[in-house]
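Note sheet for the following structure.
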Amino acid sequence: MNNMQKTFHIITYGCQMNKCDSEVLASLLVENGYSYIDDFQKADILLLNTCSVRDTAERKVLGRLERLKQVKEKKPDMILGVCGCMAQSWEKELLKRFPYIDIILGTNRLIELPNLIRERLNSGVSAIDVLEMPSNGEIIPKVRESKVTAWVTIMHGCNNFCSYCIVPYVRGRERSRSSESILQEIKKLGESGYKEVTLLGQNVNSYGFDSDEKIDFADLLALIDANSPGIERIRFTTSHPKDVSSKLIDAMGELPKVCNHFHLPAQAGSNNILEKMNRGYTREHYINLIDKLRAKVPDISITTDLIVGFPGETEEDFQDTLDLVRRVEFDVAFCFRFSPRRGTPAAKMDGQLPEEVKMRRLYELLEIQDKISIEKNRAMIGQIHEILVEGQNPKDKSQLSGRTRNNRIVFFTGDIDLIGQLVTVEITDAGNWSLRGELCS
């Protein structure tokens, strides 16, 4: 079999950073003569790009690996690789549990994928590279999931060490890309017809802290806004409340391409729990940030992440979180029960709560937030919004799908030729997670 006939498939778990990493992996494979195939069971190379942030993500990967044993038995020449955060944190434990894994590739070593494939083919034994030292150079994806919107990584790693979080251990310390390389990537995207970029980092607000450039995140946004012909919208994720500056809030209100959406994980509404989490701010500081954002950008959409059932969380602590939710009225909140991550301080803390307590609190939180979300979405009925058309509704190909500037998903009927264009749509109906609309003539 020659290289032109060889195929690959990538299954991605977790966050936007993993989606971007999967585009890098796909680009490396295409450059080495492989082509994508929809049916993973027929692929010559199958990669699982994994997540360790919560136990549910890890369980999905472990379950998939169990099922892939039969696939490997039927197709023994398939190269099965595990990449990403689980590869970094589990390493040889994965190989001991699933000896039919051929490649284990860590988060900082993606560029080594072709070398590991050759090593596996030549030696006949599993190839592993989970070195914490980053490979030289930044890989710019040439294969992207969308032709309209693109992920652009501006930094890697995290220095915060929240007590519950595995990310600093599996992605290393913060490393900012040069502003020049970021601008070059975005310029090429604009020239290729892309309309929107989302800037990625574990904490984009600390961009430049490790650099000699003397450019912070607000400066970077201004540079991109002024030097991105063809790009209509700029988004970013994720932010840390302790690093949100007044300068950044001003930029949100002043830069025309920056969308009026801010994802700002609160994680908890109790100062007691925030301290245990090592978050580095108080609920009062967080509420003050929200007030400043809404004063500067009145129509801003604010979304968040929340964890319930953290070790030592009392009923009073939980009520503080509910109070924060009622007070801030998030547009969307991604809510989770505490999931102990091995190797993190929180996993060893006293006061671990029973699962039934965690789930009761989670359902109570979701009930309150769902009411707020649907009310905010219904308030948009009758409004006219600019929509960037991203593609077809995955559940109904007769409809198009796009997003408002404040990050609401909108489904509406329209010609497929509108994909990639900005259109105006009147909102006609609302659900918890999406809106429906009609194209304005």
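This table checks each residue for (1) out of contact with any strand residue (DSSP E or B) (no Cβ under 8 Å at 6 or more places or on another chain); (2) under 20 Å from TYR164 (Cβ atoms); (3) among the aliphatic types (A, V, I, L, M); (4) at pLDDT 95 or above.
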| residue | (1), (2), (3), (4) |
| --- | --- |
| ILE290 | no, no, yes, yes |
| GLU313 | yes, yes, no, yes |
| LEU322 | yes, yes, yes, yes |
| TYR363 | yes, no, no, yes |
| ILE368 | yes, no, yes, yes |
* Structure fact -> Considering region 79-93, residues that are surrounded by 16 or more Cβ atoms within 10 Å (Cβ to Cβ) and farther than 19 Å from ASN115 by Cβ, and then whichever is farthest from the chain's Cα centre (by Cα), we arrive at TRP90
* **Given (1) in contact (Cβ under 8 Å) with a residue 24 or more places away in the chain; (2) surrounded by fewer than 17 Cβ atoms within 10 Å (Cβ to Cβ); (3) in the same structural domain as LEU25 (by TED's automatic domain parsing), index of the condition ARG109 fails** => (2)
* Asked: Is it true that some residue in region 35-53 is closer than 28 Å to PRO168 by Cβ, part of a helix (DSSP H, G or I) and not β-branched (Val, Ile, Thr)?
  -> no
* Answer yes or no: is there a residue in region 281-300 that is hydroxyl-bearing (Ser, Thr, Tyr), in contact with an Asp or Glu (Cβ under 9 Å, 6 or more places away or on another chain) and closer than 27 Å to ASP55 by Cβ. => no
* Report, by residue number, each residue of region 58-70 that is at pLDDT below 95 and in contact with a helix residue (DSSP H, G or I) (Cβ under 8 Å, 6 or more places away or on another chain). => GLU58
* **Check on LEU46, buried (at least 19 other Cβ atoms within 10 Å of the Cβ) and not charged (D, E, K, R)** => yes
* Does any residue of region 201-220 turn out to be over 26 Å from ILE290 (Cα atoms), touching a strand residue (DSSP E or B) at 6+ places or on another chain (Cβ under 7 Å), modelled with pLDDT under 95 and hydroxyl-bearing (Ser, Thr, Tyr)? -> yes
* Structure fact -> (1) over 18 Å from THR282 (Cα atoms); (2) hydrophobic (A, V, I, L, M, F, W, C); (3) not in a strand (DSSP E or B) all hold for PHE310 apart from (1)
* Asked: Across region 309-365, which residue is surrounded by the fewest Cβ atoms within 10 Å (Cβ to Cβ) among those that are over 25 Å from ARG59 (Cα atoms) and of a type in the set (A, V, I, L, M, F, W, C)?
  -> LEU322
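Could you check region 354-422 for strands (runs of 3 or more DSSP E) lying wholly inside it with 1 or more residues that are farther than 14 Å from LEU435 by Cβ and of a type in the set (Ser, Thr, Tyr)?
Working: elements: 384-393, 396-403, 409-413.
Of the strands (runs of 3 or more DSSP E) lying wholly inside region 354-422, those with at least 1 residues that are farther than 14 Å from LEU435 by Cβ and of a type in the set (Ser, Thr, Tyr) span 396-403.
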* Among (1) within 25 Å of VAL53 (Cβ to Cβ); (2) in contact with a helix residue (DSSP H, G or I) (Cβ under 6 Å, 6 or more places away or on another chain); (3) of a type outside the set (Val, Ile, Thr); (4) not in a loop (DSSP other than H, G, I, E, B), which single condition is GLY253 missing? -> (1)
* Can you name the condition, by its number, that ASN227 falls short on among (1) surrounded by fewer than 22 Cβ atoms within 10 Å (Cβ to Cβ); (2) more than 22 Å from ILE302 (Cα to Cα); (3) at pLDDT below 95; (4) not small (Gly, Ala, Ser)? -> (3)
* To do: Could you list, in sequence order, all residues of region 133-149 that are touching a residue at least 40 places away in the same chain (Cβ under 8 Å) and either aliphatic (A, V, I, L, M) or in a loop (DSSP other than H, G, I, E, B) (or both)?
  => PRO134, GLU138, ILE139, ILE140, PRO141, LYS142, VAL143, ARG144, GLU145, SER146, LYS147, VAL148
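The values are calculated or read from the model by the stated rules, or taken from the named source; none is laboratory data. What you see is a predicted model; the values in this text were computed from it and never measured. Neighbour counts are summed over all protein chains in view; Cβ atoms, including those assigned to glycine, are modelled from backbone coordinates with ideal geometry.
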